[in-house]
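Heads up: the structure comes next, in structure tokens.
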DNA sequence: CTTAAATGTAATATATAGTTTGCATATGCA
DNA sequence: TGCATATGCAAACTATATATTACATTTAAG
């Protein structure tokens with residue numbers, strides 16, 4: 001479950017807590033998603049993408065470690 | 001939870017059951033996702049997209065009824 | 001060296017995604 | 001008419017995403 005949430009959030013200069021609050025979810029949930037330890041719901045993925053002005057593909061599609 | 005799974009699957013000329021089996025999920029799950037009554041996991045969305053040779057955005061991003 | 005903010009992590013609880021089974025209905029074909 | 005395939009639907013069950021609470025760790029600022 002590798003994804004680009006962490007790097008995108010940091011580029012936007014907001015904290016996990018700020019992102020979580022705007023989406024209506026817990027800080028822990030954001031943390032676990034960024035760590036790749038969660039398999040988030042589509043709803044959540046869409047909410048995160050919209051809040052970060054990205055699309056699903058930007059954040060969650062074929063992400064490679066590099 | 002509107003999406004393009006049903007129309008894409010039908011264009012590919014496969015049944016719900018075939019798609020489900022290839023993905024490793026139940027027919028009912030595919031049916032409910034197509035009906036928009038489920039909030040599927042990211043894992044599942046990715047599996048469906050790959051099986052249908054589409055991306056997440058193709059199937060699940062800002063889908064409009066028309 | 002403190003203090004506060006940001007993040008990691010862990011236990012328990014709750015909501016819901018996904019399974020299993022089974023039956024109903026529609027449609028195409030012999 | 002009768003049979004097989006594809007889909008809809010519903011109840012009860014299991015697995016897991018997410019919440020809640022709380023504490024530990026890091027880092028920057030005073």
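A few comments on the model shown:
- Relative contact order of segment B:5-60, pairs being alpha-carbon contacts under 8 Å that are 6 or more residues apart, as %: 31 percent
- Residue exposure proxy: B:44, B:19, ordered by other Cβ atoms within 10 angstrom of their Cβ from fewest to most, comes out as B:44, B:19.
- Angle of helix A:42-51 to the longest C-alpha principal axis of chain A, folded into 0 to 90 degrees and rounded to 10: 70°.
- Computed on the Cα atoms alone, the convex hull of the protein assembly as shown gives a volume of 109 cubic angstrom per residue.
- The Cα atoms of chain B give a gyration tensor whose axes a ≥ b ≥ c have a/c under 1.5, which makes the shape rounded.
- Centre-to-centre, using Cα atoms only, segment A:33-61 and segment B:1-59 are separated by 18 Å.
- Among B:37, B:51, B:17, residue whose mean-square fluctuation peaks in a GNM of chain B (springs only between Cα atoms under 10 Å): B:37
- Helical content of the protein assembly as shown, expressed as a calculated mean residue ellipticity at 222 nm, amounts to -15500 deg cm²/dmol (DSSP H runs of 4 or more residues, -39,500 (n - 2.57) each, divided by residue number, nearest 500).
- Residue with peak Gaussian network fluctuation, chain A [Cα springs, cutoff 10 Å], from A:20, A:49, A:12: A:12
- Calculated FRET efficiency for the pair residue B:2/residue A:28, C-beta based, R₀ 35 Å, to 0.05: 0.75
Throughout, read-outs are computed from the coordinates displayed, never taken from laboratory work. On a predicted model such as this, the values are computed, not experimentally measured, just so you know. Virtual Cβ from ideal backbone geometry, glycine too; neighbours counted across all protein chains shown.
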